[in-house]
Every structure is written in C-alpha cells, then in structure tokens.
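The values are calculated or read from the model by the stated rules, or taken from the named source; none is laboratory data. Keep in mind it's a predicted model, so treat the numbers as computed, not measured. Ideal geometry is used to build each Cβ from the backbone, glycine not excepted, and the neighbour counts take in all protein chains shown. Ligands, DNA and RNA are stripped out before the accessible areas are found, and what is left, the full protein with its side chains, is counted by its heavy atoms. Shrake-Rupley method; radii C 1.70, N 1.55, O 1.52, S 1.80 Å.
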Amino acid sequence: MKNFLSLLKREFRLFFQNKVLMVLFLGAPIMYGVLIGGVYKKGKVTNLPVIVVDEDRSPLSKQLIDMFNESEVIYVADVLNDAFKAKERALETESTVVVQIPRNFSSNINYSRNTELTLFVNASNTLTSNYAMMAVNVAAGTMKAGIQIKAQQKKGVPEFVATQQYEPFKTTIIKQNIRSGNYLYFMLPGVLFTVLQQVMMLGLALSFASEFEKGTFGELVGRCKNVFGLILVKILPYILMSIFIFLLYYGFSVYYRMPLHLEGFAFYGYTLLFLLAVAFIGILVSIAIPSQLKATEILMVIATPSFILSGFTWPLSQMPDWIVAIANGIPLTHYLQIFRTMVIEQGSAANVSSSVWGLAIIAGITLLLSVILLQLKIKKVTTKVSEDI
C-alpha cells in the first residue's frame, strides 16, 4: 500500500511538472465552457436583417415594413423599389429573407382581388433563415387578421366570427440555394472543412518540432539556409495533398447528390489562401514550440472549437464581441463564409472581400512571425556550428 501511494504521488508530481498538460487538463474545460457558453448565451436569434422590395409604395406597405421593424427577431436592412438588385443587396447585408410586396398590393386588398406577398428565403443557413421566415410570417399574419377583421366588422359580422375568417392576401414562400432544406447539405461542408483545417494544423505542428526533437534541424539548415525555402519545403507537401482531399470532398458531393456550382477561378485562389493561412499557423507553432507533443496539444486547443466559433451554424452577429474577435483569428471562420457566399449562394468575389482580407491578414502575420523565429533558430544553429569548428 505504501508503494502504491508513493507511485500515486509520483504521478501527481509528473502531472504538475508538465505545464502544457496541466493547462490542457484543467484549463481546456474552463476555456471551452466559457467559449461555448458565450456563443449560445443569448439563447435566441434577434435582429436578423431582411430586405423588402416595395413595388406598391402605399401606406399599407409602409405599415407592413413598420411591423417588420417592430419585431424582436428581424429588422429591415433596406427597402428597394424593385427586385433588380435584391439578391446583391441581400448578400451585402447578409439578409436571409427578401420580402416582395407587389404592385397594387393595397388596392387589390381594398377591392378584394387576389394578391400575394412573396418571400424569397436563402436556405443556406437553416437556423437563421427559419427564424427570419417565421418572423416575417407572424408580421404578415397579424396584418392579414387586422385587415379582414375590420372589413368583416364593417359588413356587420360579429367580432368573434370575423376573427375566424381572414385571408385578404396569400403568402408564398420560395426557398433558394438549399431548396430541399436537407440538413446534410447544410452541415457536411462545414464539418469537412473543419476536419481539413485540423489535420493540416496537426500535420504541420510536427514539421519543425520533429526536427528540433530529433536533432536534425542543423542538418536541414546545412542543406538549405534560406528561410522561405525551408518554409516552402515544409508546407508544399500538405498543400499538394490537400488537393486530393478536395477531390475526395467533391466525390462526397456527387455521392450525396449535393449541387455545387462554381463560376470563375476566384474561389480556387481563396482556397489556396485558406490553406496557406492554416499552414502558416501550424508552422509558427511548430517553430515556437520545439516539442511535437506540446505543439499538437496547442493546435488542438485552437482547432477543436473552431467550427462552433465560425458562425456557420450560429451567426457571429449573435455572439459577444470578444468571441467574434477570437473567431476572426481562425482561418476557418473566413473560409466558410467564402464557401457559403460563392458556392451555395452564388455570390461574387465582391461579396466576400472582408473574409478574403481576414485570411490574408492571418496568413501575412503568421508568415512574418514564422520567418522571424526561424531566422533566429537558423542563426543559433549556425553560430553553434562555427563555435564547434
């Protein structure tokens, strides 16, 4: 028993001597609890933007717009006179619903002629589109009830009867992008790109760390002293292998019959930028932390919550600013926005400029820091070799 207790004491001592393991074991549950709790603390989606195409421009249509703005869930980001640039404006404002009020909407209702309100719903994000669509329906339903009840009461119909007979106009819902509402189409791309980021980070975490642990970094520097050449040698295999992963993902889209449409080559350039940003983060940690285990542990902390923080499922607009700041430092956040806008929503390069800049800034900063640290490591090795000679 005494021997067992001494061994137990030894294990506790080893645990507390390993600072990284101690931080991960005790700190990770606290950190993830705070992060995930912060993401979903609000508990409900509010202030979602919608676009209104008001072709009627009547007091009744203005009243309906006011009702949208009075909702807790939605607000009108812009009112357009026609539908010509509605899609572009919806992408710019990240609006998931475009409400089209037709010409003669008010007069058709007054003269009991058929008319309808059309809702164009961007179903690429199931959660936000459903919230916004329901809020628009509630506002429209309230207006329907008010109009019909007043009309019936003017005809002498008792109020309790009038409340059961209202349908002055119809509401038509047209789902766009992921029309089927299939949850697989919504979730699969996000999860697959998260996995790609994670495996690249973990792979590159070993790139320089393994050289430091094995004592082969000096040999590597002897063959190539150029900093950029060394970084390129380390990341190029992973960039090339990621092409096969993308081909695999395309195979999944064919197998699951997921419609993917790409126009132009901009998306491929942004994909390369994403891979470089991820690679440079992995390289930076690998140079800064000369231990394979510790480097992978640190990158696991970054990669694990990245999907939840990315805004792909729960909108960034509903998260606290400090969590948004963390999310913007992760390449996946920007790339998923680019993928959704350009591939699913068929937007243009202009609609993703902020996300592209986000990736470029991450890639630029991490590359600069990697170059500085690696140059210091090279200088240290060459100085040691000179002293030995």
Legend entry - Residues (among the acidic types (Asp, Glu) and touching a Pro at 6+ places or on another chain (Cβ under 6 Å)) located in segment 95-149: none
Inset, instruction - Taking residue 286 as the residue in question, decide whether it is open to solvent by less than 40 Å² (accessible area, probe 1.4 Å) and either among the polar types (S, T, N, Q) or closer than 23 Å to residue 263 by Cα (or both). - result: yes
Legend entry - Given (1) open to solvent by 40 Å² or more (accessible area, probe 1.4 Å); (2) closer than 21 Å to residue 359 by Cα; (3) without any contact (Cβ under 8 Å) to a residue 60 or more places away in the chain, number of the condition residue 234 does not satisfy: (1)
Inset, instruction - Go through (1) open to solvent by less than 70 Å² (accessible area, probe 1.4 Å); (2) in contact with a strand residue (DSSP E or B) (Cβ under 9 Å, 6 or more places away or on another chain) and name the single condition residue 175 misses. - result: (1)
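Just checking, does segment 129-144 include any residue being modelled with pLDDT under 75, aliphatic (A, V, I, L, M) and within 25 Å of residue 99 (Cα to Cα)?
Within segment 129-144, the subset modelled with pLDDT under 75 is 144.
From the residues that got through so far, the ones that are aliphatic (A, V, I, L, M) too are none.
Scanning segment 129-144 turns up no residue that is modelled with pLDDT under 75, aliphatic (A, V, I, L, M) and within 25 Å of residue 99 (Cα to Cα).
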Inset, instruction - Within segment 263-281, work out how many residues are more than 13 Å from residue 242 (Cβ to Cβ), assigned to a helix (DSSP H, G or I) and of a type in the set (A, V, I, L, M, F, W, C). - result: 4
Inset, instruction - For segment 254-271, indicate whether the set of residues that are at pLDDT 90 or above, over 30 Å from residue 45 (Cβ atoms) and open to solvent by less than 70 Å² (accessible area, probe 1.4 Å) is non-empty. - result: yes
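Which one of 23, 34, 39 is assigned to a helix (DSSP H, G or I) and either modelled with pLDDT under 70 or open to solvent by 90 Å² or more (accessible area, probe 1.4 Å) (or both)?
Result: 23 is the single residue among 23, 34, 39 that is assigned to a helix (DSSP H, G or I) and either modelled with pLDDT under 70 or open to solvent by 90 Å² or more (accessible area, probe 1.4 Å) (or both).
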Legend entry - Count of segment 220-231 residues which are assigned to a helix (DSSP H, G or I), open to solvent by 90 Å² or more (accessible area, probe 1.4 Å) and touching a residue at least 12 places away in the same chain (Cβ under 8 Å): 1
Legend entry - Any hit, segment 161-175, residues being at pLDDT 70 or above and within 23 Å of the chain's Cα centre (by Cα): yes
Legend entry - Cβ pairs under 9 Å, 6+ apart, first in segment 102-117 and over 12 Å from residue 64 (Cβ atoms) and of a type in the set (Lys, Arg), second open to solvent by 30 Å² or more (accessible area, probe 1.4 Å) and at pLDDT below 85: 113/107
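Can you tell me which residues in segment 112-132 are of a type in the set (Gly, Ala, Ser) and open to solvent by less than 20 Å² (accessible area, probe 1.4 Å)? Steps first, please.
Taking segment 112-132 and keeping what is of a type in the set (Gly, Ala, Ser), we get 112, 123-124, 129, 132.
Selection gives 123, 124, 129, 132.
Got a sec? Which helices (runs of 4 or more DSSP H) wholly within segment 300-389 have at least 3 residues that are without any contact (Cβ under 8 Å) to a residue 12 or more places away in the chain and open to solvent by 50 Å² or more (accessible area, probe 1.4 Å)? If you could, list the steps in order and put the result at the bottom.
Working: elements: 306-309, 321-327, 331-339, 353-388.
Per the criteria, 353-388.
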Inset, instruction - Hey, could you check segment 47-90 for residues that are assigned to a loop (DSSP other than H, G, I, E, B) and either without any contact (Cβ under 8 Å) to a residue 24 or more places away in the chain or among the basic types (Lys, Arg) (or both) and say which is most open to solvent (accessible area, probe 1.4 Å)? - result: 84
Legend entry - Residue, surrounded by the fewest Cβ atoms within 10 Å (Cβ to Cβ), within segment 91-111, restricted to residues that are part of a helix (DSSP H, G or I) and at pLDDT 85 or above: 93
